[in-house]
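S.K.: Just passing along the structure, written as structure tokens.
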Amino acid sequence: MEFTIVEINFGLLNQRCFMVTFDGTGIFITVTHTADVVEHWITMANTLRGEFPGRFPVGLGVQWTPGDGDPPADTLQLCVDSQCLVYQLSNSPRVPDSLQEFLMNPGNIFVGLWNHRDRWKLSISGHRLRMLRDPLDMANYVEEYLGIPGVPISQKICMSVWRDEYLNYEQVLQVTLDAHFAFVIGGDIRAWEFNLVGP
């Protein structure tokens, strides 16, 4: 499967926009460190809620910069349908209340790949973000539901610096695919029907 990423210059302040394409599918990505942009994205995401008959699946991923101790989350990725957000937490002076409400909404079912530490990493970030429950891990379903042996993950990219203000194309592509594929699988297997355990 071949993936392409193109930066789209809309002349917008405080955000960068990208389009990722593969197999005729297009994903629109917003990368930002600005609370107002995040609030706008969440408003948009909530308008898509009616397209899902059960609870609302949301692809989620977290990245941090390797270091001593237990590094906090540097970025939070969210994906709904063909819309993805890469929020640069470590470069954001504040987060909108709507983000915390979104993460704590019991109707949102967060799904990801290899994500057993994501909730913890968000909680120790400078913004102390909380989630109602751990996100569900969709990694074991990738081949069955997507027909590929796994999401292309580069350990070199995973171990790169995520607190930089400027994320490179490879970083944006990898976290987008991670969150998007988790969203697709979560919708296909109706992840909201899983036995969900609270905090």
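S.K.: Using a 10 Å cut-off around each Cβ, can you sort 116, 40 from fewest to most neighbouring Cβ atoms?
M.R.: Working: 116 11, 40 17.
Placing the least packed residue first, the sequence is 116, 40.
S.K.: Now for a separate question. Please report, in Å, the Rg and the Dmax of the chain, where both are computed over Cα atoms only.
M.R.: 15.5, 45
S.K.: So, one more: Any chance you could list the semi-axes, whole Å, largest first, of the equivalent ellipsoid that the Cα gyration tensor gives for the range 38-147, using √(5λ)? Walk me through the intermediate numbers first.
M.R.: Working: eigenvalues 98, 68, 28 Å².
Those come to 22, 18, 12 Å.
S.K.: Give me 165, 101 sorted ascending by neighbouring Cβ count inside 10 Å, so fewest comes first. List each step's numbers first, then the result.
M.R.: Numbers: 165 8, 101 11.
With the sparsest Cβ surroundings first, the list reads 165, 101.
S.K.: In addition: Can you compute the helix-only [θ] at 222 nm over the chain? Use -39500 (n - 2.57) per DSSP H run of at least 4 residues, normalise by all residues, nearest 500 deg cm²/dmol. Intermediate results must be reported in sequence, preceding the final value.
M.R.: Values: 6 runs with 56 residues, N = 199.
Computed ellipticity for the chain at 222 nm equals -8000 deg cm²/dmol.
S.K.: Exposure proxy check: 121, 156 ranked by fewest other beta carbons within 10 Å? It would help to have the intermediate numbers written out before the result.
M.R.: Values: 121 20, 156 7.
So the residues, fewest neighbours to most, are 156, 121.
S.K.: What relative contact order, as a whole-number percentage, does the chain give when Cα pairs under 8 Å and 6 or more residues apart are counted? Before the final figure, lay out each step's value.
M.R.: On the way: 383 pairs, mean separation 46.0, N = 199.
For the chain, the relative contact order is 23 percent.
Laboratory data are not the source of any read-out in this text; all were calculated from the coordinates shown. The structure presented is a predicted model; accordingly, all values stated were derived computationally and were not measured. No Cβ is skipped: glycine too gets one built from the backbone with ideal geometry, and neighbour counts run over all protein chains shown.
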